[in-house]
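To start, the structure itself, in structure tokens.
None of the figures in this text is laboratory data; all of them are computed from the coordinates on show. Owing to the predicted nature of the structure, the values given are computational and were not obtained by experimental measurement. Please note: Cβ atoms are built from the backbone with ideal geometry, for glycine as well, and neighbour counts cover all protein chains shown.
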Amino acid sequence: MQRAVLVDHLLKDFEVTQKEPGLAGSVKSLFSPKKKQVHALRGISFSVMPGELVGFIGPNGAGKTTTLKILSGLLYPTSGLSQVLGYEPWERKPDYLKKIALVMGQKNQLWWDLPAIETFELNRAIYEIPKKQYKETLDELASLLEVEKLLKTQVRRLSLGQRMRLEFIAALLHKPEILFLDEPTIGLDILGQEKVRDFVYDYNRKYGATILLTSHNMDDLINLSRRVIVITEGRIIFDGALDELVSRFAKRKTITVYLNKEIDLKEMESIGKVRKVQFPQVVLSVPRTTAAVAAAEILQNFPVGDLTIEEESIEEIIGKVFKGETVSKSKTR
Amino acid sequence: MRKYLSVFRISFAQEFAYKINFILWRVRNVLQIFLVFYLWDTVFQDPERVVFGYDRAKILTYVFAILVVKALVLSARAVDVPGEISRGEVSNYLLKPIGYFKYWLTRDLSSKALNLSFAVFEFLLLYILLRPPIFVQTNPILIVAFIISILLALLIFFTLLFTTGLVPFWVPEGAWGLQFMVIFVATEFLAGGLFPLDILPESIQRVLFYTPFPYLIFFPIQVYLGKLSSPEILRGMVVALFWATFLYLLMRNLWQRGLRVYQSQGR
């Protein structure tokens, strides 16, 4: 099958002007601006099949958003290959632009002073959507996202959650085959997040759209994407199933002990890292490889009523990935 | 084409969202005309008096023509371009199958249409209030020449505004300064928006006519008033056409290069 997205050794450098704080710094940077090369992407490669839903994770500034921006044609790559649906994104051919959409959780395209329906009408004209199809899509999206009553309200009067859902409609009226989502649930409350998530899931299933998504929200990833790509410092360090990520990055196990009587915690600290004490429950974190030994030791030396050994939760692992913890030790800072 | 009709419509609606702003902007224009009108009205008290080749009717027509020509040439929405670039909002358009220049040109035209309709109304109002002697051009050739020179002025202003508006690609903080220079300083004084340029010393005029500025306001009005000979009109149009072409190419070139360094900021 033809790949929807193909990226090979993609590189992107930015030039950033540095400025020291304060007035003196401003004056100094005026006369001799200090430029610094930032390597946002250091040669990443991956491909995505049509209909896949892929989540990008990684700490802030890892290059996730840069990747999406290159794929949607906003940025010129410094070098390397990027191809989406057979197009070079940066050529921004109208045919290509009609097949994609980028939704950024922190950016809006709706006209602030006008009701959302005005932006929709404008997009209908820009994307040359037939009137009938436009009406059907709009009705469908509006009911899916439960915003039928908000279409004629001035955008500035809407809440963030309402606005975000309308942003989705504006971005999807032309039924893009590929959807790039950058932090789509940022700043939304739990209910709002859920609505957006359900919608993304449905959209992927219903239209077979290919979706690439970045998020800091672990629930987004756990509920939506089966495949994740982990990026740190401009490099891909993992690309595969979410379960696989867990087994690969889970370096520790969690032992939960229920004690029969109080003990000196110091003795337990020699076995593993004590994470939580809430007598009679004590939670320990131990290296994966020595988990069995540690458990045996605990059973032998302490008055144990019950003991369980568990994998670290997905949340914990992804949380570490975000912090850049699980990555190579050769990290330079 | 339909695309741009929709852009025209929504842009018009947008202007109405800021009714008060717009009306105050028009009031400012009218007040300015009042001031300039009374200044020249005093200078030309004697209807027989001719100064700098202007008699009373022609200078007062000049003042009234400023009102209309400014509404046509200088009203523009593309002043928002530098802000959009430095805030990274251009991304919205880059993602869509729409031409950025054409988009802004359309928005400018919608702004011009709105401003012109107000200017005509103000013109009538001021005419009734002040009852100035107005010079009406009857020579059809000069009227056609006037329309052509206005079109050239539109092109020069659009490309000039846009070119200066692209600076934030390289200097994001420079969003406002250069455009302020171009619009408020250059156009008001160097284009003849306050006084006719031929009252300036010859030497300054000669230099000025090689710059694009006089072709924005002064030149079209001169053509209308019939103050220029045919070769002068022709020469002026050639210079104006040169600037329009040059600025257009410069604008396109800068835009292409700007996109290469564009960082789509604000995340």
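Pairs A:LYS135/B:LYS3; A:LYS132/B:LYS19; A:LYS107/A:LYS135; A:LYS131/A:LYS195; A:LYS12/A:LYS69: which exceed 22 Å Cα-Cα? Among A:LYS135/B:LYS3; A:LYS132/B:LYS19; A:LYS107/A:LYS135; A:LYS131/A:LYS195; A:LYS12/A:LYS69, the Cα-Cα distance tops 22 Å for A:LYS132/B:LYS19; A:LYS107/A:LYS135; A:LYS131/A:LYS195. For the stretch B:108-122, 3J(HN,Hα) computed residue by residue from phi via the Karplus equation (6.51, -1.76, 1.60; θ = phi - 60°) reads 4, 4, 5, 5, 5, 4, 5, 5, 5, 5, 5, 4, 5, 4, 5 Hz, glycine and proline entered as x. Taking every alpha-carbon pair under 8 Å whose residues sit at least 6 apart, the stretch A:187-282 reaches a relative contact order of 15 percent. If you run the Gaussian network model on chain B, springs between alpha carbon atoms under 10 Å, then out of B:MET181, B:MET237, B:MET251 the most flexible one is B:MET181.
Using only the C-alpha atoms, the convex hull of the stretch A:5-247 corresponds to 156 Å³ per residue. Between A:LYS34 and B:LEU35, the simple spin-label model (points 7 angstrom out along Cα→Cβ) gives 4.7 nm. Helix B:140-165 and the longest principal axis of the Cα set of chain B meet at an angle near 40°. Peptide B:78-91 has a mean of 1 when you count, residue by residue, the C-beta atoms of other protein chains within 10 Å of its C-beta. Quick one: check the C-alpha center-to-center distance for the stretch A:76-141 versus the stretch A:1-51, whole angstrom. If you average the Cα positions of each part, the centres end up 25 Å apart.
Comparing B:ALA71, B:PRO168, B:LEU94 along the charge dipole axis of chain B, the residue lying farthest to the positive side is B:LEU94, per the Cβ-charge model.
For A:VAL228, what is the net charge nearby, where nearby means another residue's Cβ is under 14 Å from its Cβ and Lys, Arg count +1, Asp, Glu -1? Value of the local net charge: -2. Within 10 Å of the Cβ of each residue in B:254-260, the mean number of Cβ atoms contributed by other protein chains is 1.
Does the stretch A:194-233 come out rounded, prolate or oblate, given a ≥ b ≥ c as the square roots of the eigenvalues of its C-alpha gyration tensor, rounded meaning a/c under 1.5 and, failing that, prolate meaning a/b above b/c?
oblate
Full extension of the segment from A:GLU269 to A:ASP189, taken as 0.36 nm per residue of separation minus the current Cα-Cα distance, would add 24.9 nm. Taking the Cβ of B:ASP41 as the centre, find all other residues whose Cβ is under 14 Å away and add up their charges (Lys, Arg: +1; Asp, Glu: -1). Spelling it out: positives minus negatives among the neighbours equals +2. According to the square roots a ≥ b ≥ c of the eigenvalues of the Cα gyration tensor, what is the shape class of the protein assembly as shown, taking rounded for a/c under 1.5, prolate for a/b larger than b/c otherwise, and oblate for the remainder? In terms of gyration-tensor shape, prolate. Separation of the stretch B:1-62 from the stretch A:167-236 is 51 Å, based on Cα centroids. If you take the Cα centroid of the stretch B:110-163 and the Cα centroid of the stretch A:270-292, the two points sit 83 Å apart. The antiparallel fraction among DSSP beta bridges confined to the stretch A:5-247 stands at about 60%.
By the Cα gyration tensor, the stretch B:121-241 has an equivalent ellipsoid whose semi-axes, rounded to whole angstrom, run 28, 19, 14 from largest to smallest. Residue by residue, the stretch A:250-257 carries 3J(HN,Hα) couplings of 6, 9, 10, 10, 10, 10, 10, 10 Hz when phi is fed to the Karplus relation 6.51 cos²θ - 1.76 cosθ + 1.60 (θ = phi - 60°); x denotes Gly or Pro.
GNM remark for chain B: springs join alpha carbons under 10 Å apart, and the peak mean-square fluctuation among B:SER229, B:SER111, B:SER91 falls on B:SER229. The mean count of C-beta atoms from other chains within 10 Å of the C-beta of residues in A:102-110, rounded to a whole number, is 4. Compute the angle between helix B:2-17 and the longest alpha-carbon principal axis of chain B, please, reported from 0 to 90 degrees and rounded to the nearest 10. Long axis of B:2-17 versus the principal axis of chain B: about 70 degrees. Which FRET efficiency, nearest 0.05, do A:GLU310 and A:SER47 yield, Cβ-Cβ r, R0 25 Å? Given R0 = 25 Å and the Cβ-Cβ separation, E is 0.10. Among A:ASP189, A:ASP139, A:ASP306, the largest mean-square fluctuation in a Gaussian network model of chain A, built with springs joining Cα atoms closer than 10 Å, belongs to A:ASP306. Here chain B is treated with +1 on each Lys and Arg Cβ and -1 on each Asp and Glu Cβ, and its dipole about the Cα centre works out to around 1000 debye. Partner lysines whose Cα lies under 27 Å from the Cα of A:LYS273, excluding those fewer than 8 positions away in the same chain, are identified as A:LYS251, A:LYS253, A:LYS261, A:LYS320, A:LYS323, A:LYS329, A:LYS331.
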